[in-house]
Each structure stands twice: as C-alpha cells, then as structure tokens.
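Sharing a structure below in structure tokens format, with a few things to ask.
The values are calculated or read from the model by the stated rules, or taken from the named source; none is laboratory data. The shown structure was predicted, so the numbers you read here are calculated from the model rather than taken from an experiment. Virtual Cβ from ideal backbone geometry, glycine too; neighbours counted across all protein chains shown.
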Amino acid sequence: MQHFGKKVEIDGFKLDSEKEAAFYQRFIKNCGKNYHVHPSYPLIDRFPVGGSPMRGVSYAPDFVIFDGDEIMHVYDVKTSLSPLAIDGAAKLRFKMFAVRYGMPVEVVVPRKHDFKVKLFGFSNTRLQNAYARHDRHGNVKLNKKGNVMYEYYDVHHTVNYDIHDTIGR
C-alpha cells in the first residue's frame, strides 16, 4: 500500500506521518517505559526453494513498548480503522507477528486526547467494546434492517494498560 503521509523527524526518529508523530509525542515519548521506534522483526526466515534461497519476510511496527525485557505493546498507527486504511497485507503481517511473538499488533488511531485501539484477526469480533458507527456527517449508521451498526475497539488515554485484560492470558 502506498503511503501519502508527510514524513516527520522528531528526536532523531524519522516517522511516517504527522499522526504517527503526534502519537509519539503525546503517548510514547514520556510514557516512562522503554520503547523502540520502527524495529524490524523477522516473520518468516530465509528458506530454500529448489536450489535457490528465497527472501524472508519481516515486519517493522511503528512502536514497541517494553515492560522490562517483555513486550508490553506493539503499535501500528493508522489514520482510521476502515479497510481503506488497513489493507489485507497489513492484517496478514499482524497475524504472522502474533503467531511468531505471541503478542497482537494493536492498530492505533490517535485522537485529540486519547487513542482508539483495534485488534484484528481474532475469531471473536466482539472482544472489544462496541461503539456506534458514524458517517462522515456524524450521523449514526444503520443497516438495512434499521439497526445501529457497531465498530469494536477500545479507547485509552495512556499506554499503561495490560493488553492481556482484553485478549486473556
């Protein structure tokens, strides 16, 4: 997927967009935890096909926060939770990361004073809190039967929460 965000440099980090930079400044920079910006994690190691080596696959989340030596959060900042912002290839990388490292990727949409977090790939779509969907004019969206449509995500004000409270241990 092609990225159209304006690149931003802060504290020596080259961030992919202004939203990512805002998330970093508001929630990551002074969180009191160790963190890495754009670390690369191998998902599939290099392997032979026939007599030739095939390249492996890696994934670089936007931010990884640690509690001691353990991964606490893996964040990927997006502009929205819609299929336009999160393509199938990204969802596949999120799933492959979860398989290899035992942690879900938290898709984050920063807002003025908080941020939305959505977990993709779980069989239970109602794992997170329900919020009514709205159209671009602010009206609540209804399905064909006239029922309110819902989106499932969590809202947080800091990174000091345990993702295992949502997904279980």
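Can you tell me which condition LYS78 does not meet? The list is (1) out of contact with any strand residue (DSSP E or B) (no Cβ under 7 Å at 6 or more places or on another chain); (2) surrounded by 20 or more Cβ atoms within 10 Å (Cβ to Cβ); (3) basic (Lys, Arg), and all the others hold.
(1)
Could I ask something else about it? Condition first: in a strand (DSSP E or B) and touching a Ser or Thr at 6+ places or on another chain (Cβ under 8 Å). Now tell me which residues in region 29-49 satisfy that.
TYR41, PRO42, LEU43
Tell me the residue from ILE44, ILE65 that is surrounded by fewer than 17 Cβ atoms within 10 Å (Cβ to Cβ), touching a residue at least 40 places away in the same chain (Cβ under 8 Å) and of a type in the set (A, V, I, L, M, F, W, C), please.
Result of the check over ILE44, ILE65: ILE44.
Read through the list (1) modelled with pLDDT under 95; (2) of a type outside the set (S, T, N, Q); (3) surrounded by 13 or more Cβ atoms within 10 Å (Cβ to Cβ); (4) under 23 Å from PHE27 (Cα atoms), then give the number of the only condition that ARG133 fails.
ARG133 satisfies all of (1) modelled with pLDDT under 95; (2) of a type outside the set (S, T, N, Q); (3) surrounded by 13 or more Cβ atoms within 10 Å (Cβ to Cβ); (4) under 23 Å from PHE27 (Cα atoms) except (4).
If you don't mind, another one. Please pick out the residue among PRO53, PRO61 that is part of a strand (DSSP E or B), touching a strand residue (DSSP E or B) at 6+ places or on another chain (Cβ under 9 Å) and farther than 14 Å from ILE167 by Cβ.
Going through PRO53, PRO61 in turn, just one is part of a strand (DSSP E or B), touching a strand residue (DSSP E or B) at 6+ places or on another chain (Cβ under 9 Å) and farther than 14 Å from ILE167 by Cβ: PRO53.
Of all the strands (runs of 3 or more DSSP E) wholly in region 95-169, which have at least 1 residues that are under 17 Å from VAL74 (Cβ atoms) and β-branched (Val, Ile, Thr)?
Filter on region 95-169 gives 106-110, 115-119.
Can you tell me which residues in region 1-28 are surrounded by 14 or more Cβ atoms within 10 Å (Cβ to Cβ) and in a loop (DSSP other than H, G, I, E, B)?
GLY5, ASP16, SER17
Out of LYS141, LYS145, LYS112, I need the residue that is surrounded by fewer than 18 Cβ atoms within 10 Å (Cβ to Cβ), more than 17 Å from the chain's Cα centre (by Cα) and closer than 23 Å to LYS7 by Cβ. Which one?
Answer to the selection: LYS112.
Still on this model: Among the residues of region 27-59 satisfying the criterion of being closer than 18 Å to LYS95 by Cα and aromatic (Phe, Trp, Tyr), which is nearest to the chain's Cα centre (by Cα)?
Step by step, filter region 27-59, then rank; the result is TYR59.
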